Amino acid sequence: MILKQERKPPWLKVRIQGGPQAARIEKWHRDHGLHSVCRSAACPNQGECWSRGTATFMILGNVCSRDCAFCNVAHGTPVSPDPREPAKVAAAVAELGLRHAVITSVTRDDLTDGGAAQFAALVAAIRRASPGCRVELLIPDLGGNRQALAEILAAEPDVLGHNLETVPRLYPQVRSRADYRRSLELLSRSREIAPAIAVKSGLMVGLGESRRELTEVMKDLLQAGCRLLTVGQYLPPTRDHHPLHRYVSPEEFIEIKNEGAMLGFAHVEAGPLVRSSYHAEEQFKEIIDAE
């Protein structure tokens, strides 16, 4: 059943935040032509994260080669990768004094390596510019290219993330050009190739999945070696996107978090406004403390 309710419940109201650090991040984006998933994906936590000095940089342009039904990022024909981009993002990370940099990208099916070389170059550039900064990558599925994945892992990011987003039954409607098993294999292979690198994934709820399906996905993720998980409310960017089926209550998010911990995740970040990079630094600290 598709939800007909138009008004969001009170727990989804976002308090606008700003401040000097948010202004600095805004200025860097504007002056240096950088992209962030905070803007392109219309993240509800942009104000909070930017005010705390945290931003998720989006590389390889701001046009995706896919058109997933849940996503607000523009789709079409991407431009060629900018060879100066790794140095520009690394300079921003250093200037902003970030301790934990999160880097994601649009999907680039037009590139043979899916953009792996750009990810690897960026990790190296950040290591040179900010040796004490941890690097978390949130990568696309790379079209299942194992060599491309190995190239990214060889750069030794601290965290390697790839989002399943939803349950396998909903992939044809929500992620028509993605493959659930291919994404699971990417996570599993990451753990096999580089066991020291924390593996992370993210899910949305409210798209029409059942709790039983959600539990099965969590079990699949654990079997694939995933140790960090984020779970947040799906919010359709427009009426043309995949319809919202229900709002999940804060109490149910607590249940999901507790279930994930009971199943064996090192850390689960679950809540109505949680997104992939929300409290990323704190999540990493939790997994370090657990070891």
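The values are calculated or read from the model by the stated rules, or taken from the named source; none is laboratory data. Not measured: the values here are computed from a predicted model. For neighbour counting, all protein chains shown are included, and Cβ atoms are generated from backbone atoms with ideal geometry for every residue, glycine included.
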Looking at (1) part of a helix (DSSP H, G or I); (2) modelled with pLDDT under 95; (3) crowded, with 18+ Cβ neighbours inside 10 Å, which one does A94 not meet, given that it meets all the others? (3)
Among the residues of segment 261-281, write down those that are surrounded by fewer than 23 Cβ atoms within 10 Å (Cβ to Cβ), in a helix (DSSP H, G or I) and modelled with pLDDT under 60. E281
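Quick check on segment 154-176: of everything there that is more than 17 Å from the chain's Cα centre (by Cα) and either small (G, A, S) or buried (at least 23 other Cβ atoms within 10 Å of the Cβ) (or both), which residue is nearest to V217 (Cα to Cα)? Walk me through how you get there before you give the answer.
Step one: of segment 154-176, the residues more than 17 Å from the chain's Cα centre (by Cα) are 154-156, 168-173, 176.
Add one more test, that the residue is either small (G, A, S) or buried (at least 23 other Cβ atoms within 10 Å of the Cβ) (or both), and what stays is 154-155, 176.
On the way: A154: 28, A155: 29, S176: 18 Å.
Per the stated criteria, the residue is S176.
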Could you look through segment 184-206, keep only residues that are assigned to a helix (DSSP H, G or I) and aliphatic (A, V, I, L, M), and pick out the one that is farthest from I256 (Cα to Cα)? I193
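Mind listing whichever residues of segment 153-167 are part of a helix (DSSP H, G or I) and either in contact with an Asp or Glu (Cβ under 8 Å, 6 or more places away or on another chain) or without any contact (Cβ under 8 Å) to a residue 24 or more places away in the chain (or both)?
Answer for segment 153-167, where residues must be part of a helix (DSSP H, G or I) and either in contact with an Asp or Glu (Cβ under 8 Å, 6 or more places away or on another chain) or without any contact (Cβ under 8 Å) to a residue 24 or more places away in the chain (or both): there is none.
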Going residue by residue through segment 129-141, is there one that turns out to be of a type outside the set (F, W, Y), more than 23 Å from V63 (Cα to Cα), part of a helix (DSSP H, G or I) and touching a residue at least 12 places away in the same chain (Cβ under 8 Å)? yes
For R189, are the conditions met, namely being over 27 Å from A124 (Cα atoms) and of a type in the set (K, R)? no
Considering every residue within segment 143-152, establish whether at least one is part of a loop (DSSP other than H, G, I, E, B) and buried (at least 22 other Cβ atoms within 10 Å of the Cβ). no
Output for Cβ contacts, cut-off 8 Å, separation at least six or different chains, first residue of a type in the set (V, I, T) and at pLDDT below 60 in segment 1-13, second assigned to a helix (DSSP H, G or I) and surrounded by 10 or more Cβ atoms within 10 Å (Cβ to Cβ), reads none
